[in-house]
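One structure is given below, encoded as structure tokens.
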Amino acid sequence: MIYYFTAALTAVLFMIDREKTIKGLKIGFKKIRKNSPVFLNMIILIALSLYFVSDELILRFLGDGSGAIGVALAGTLGSIAFIPGFVAFPLAGILLEKGVSYTVIAAFTTTLMMVGIVTYPVEKDFFGIKITVIRNIISLIMAIIVSIIIGLFYGELFI
Amino acid sequence: MKINLKKYWLFIIFSILIGVGFILDLNIARGVFANFYSFFLTMLKFVPAVFLLIGLFEVWIDKDLIEKHLGKDSGFLAYFWVLILASTTVGGLYVAFPVASALYKKGASPRIIFSYIGTAAICRIPMTLFEASYVGVSFTAIRWLVSIPLVVISSILMEKFISEKDLANISDAA
């Protein structure tokens, strides 16, 4: 789909300004070449993560998780795992049916979305080590805050 | 074209280990390779196109336009623009990083690109729809209401406290 869009856009831009468009595409190809090693590294980490942190493992570890330990475990797994949304949320649905708390689910899905150990090679390449580390730590803290508020809302946690 | 082998060290080691694993007929090698192959194909489906679009963006979009709407003097509306851009971002964070650095090079302010990355992580529409249908609409609503302000606040703090030197590292890898 995105290729059709890119092709259509390129065709239109090409008619407006040939040179500019060719220059843009050249920059694009240069970027693809330059970024392939870091993306390759990320794919390797993802392949390992998918193998070692499988759906079954998550079901087993979070299956009866609750309380602070459950949240910590969920946050850790969420940070290491790489699971696309269309797999992660059905999985979260199964966990809910098994009686896992919303607090734990929130910690798991939020870290899954925001904290990326497997995307580290790409993030580091674009933002440098320091910013990458700071962003991931802040995201981890944010995930804990979100999970606490979710817990309060669903009446699983009390002040 | 000279290929810098150093950049491929992990890939070389990985290939050797997978090769050895296949010779020894280990399940783990087969499993990891299957994951690698299938995700590699997934990435081919859109990542190259994203980089071509970024290339076109760099040539076609005026720096003044980005500076005016997403730059350091931009107002509240800037967060709205990046939220729209973030929620329609394809793939995941690995697409948001190159897009964010391209925006930064065009004059978007640090707080805006950090907000973009944060919201691209948590607000992508297809993902949100999955979440709402499997975990619940109210769960998604609270998560958005809590995490979007947190992303914005932390992005402003990051802009304040991260040194110019580290910000200068943000490269568009061109």
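Please treat every number below as a calculation from the coordinates, not as lab data. If you're wondering where the values come from, they're calculated on a predicted model, not measured in any experiment. Every residue, glycine among them, receives a Cβ derived from its backbone with ideal geometry; neighbour counts consider all protein chains shown.
For chain B, the 222 nm mean residue ellipticity estimated from helices alone, with every DSSP H stretch of n ≥ 4 adding -39500 (n - 2.57) and the total spread over all residues, rounds to -24000 deg cm²/dmol. Against chain A, whose longest principal axis comes from its Cα atoms, helix A:2-16 is set at around 30 degrees.
Build a GNM of chain B with springs between Cα atoms under 10 Å apart, and of B:I162, B:I18, B:I125 the one that fluctuates most is B:I18.
Using the structure shown, select from B:K6/B:K68; B:K6/B:K160; A:K30/B:K68; A:K130/B:K105; A:K31/A:K130 the pairs with a Cα to Cα distance greater than 30 angstrom. The answer is B:K6/B:K68; B:K6/B:K160.
Using a 10 Å cut-off around each Cβ of peptide A:9-21, what is the average number of partner chain Cβ atoms that fall inside? Don't skip to the end; give the middle numbers.
Values: counts 4, 3, 0, 0, 3, 0, 0, 1, 2, 0, 1, 3, 4.
Across the residues of A:9-21, the mean count of other-chain Cβ atoms within 10 Å is 2.
Once C-alpha pairs closer than 8 Å and six or more residues apart are averaged by separation and normalised to the residue number of the stretch B:46-168, the relative contact order reads 26 percent.
Here the label points at B:I12 and B:K68, each 7 Å from Cα along the C-beta direction, are separated by 5.1 nm in the simple model. Adding -39500 (n - 2.57) for every DSSP H run of four residues or longer, then dividing by how many residues chain A holds, sets the calculated 222 nm ellipticity at -28500 deg cm²/dmol. Other residues lying with their Cβ under 10 Å from the Cβ of A:G116 contribute a combined charge of 0, Lys and Arg counting +1, Asp and Glu -1. Using θ = phi - 60° in the Karplus curve 6.51 cos²θ - 1.76 cosθ + 1.60, the 3J(HN,Hα) couplings for the stretch B:89-98 round to 5, 8, x, x, 4, 5, 8, 4, 4, x Hz; x is entered for Gly and Pro. Both the radius of gyration and Dmax for the stretch A:59-159 are 13.9, 42 Å, in that order, over alpha-carbon atoms.
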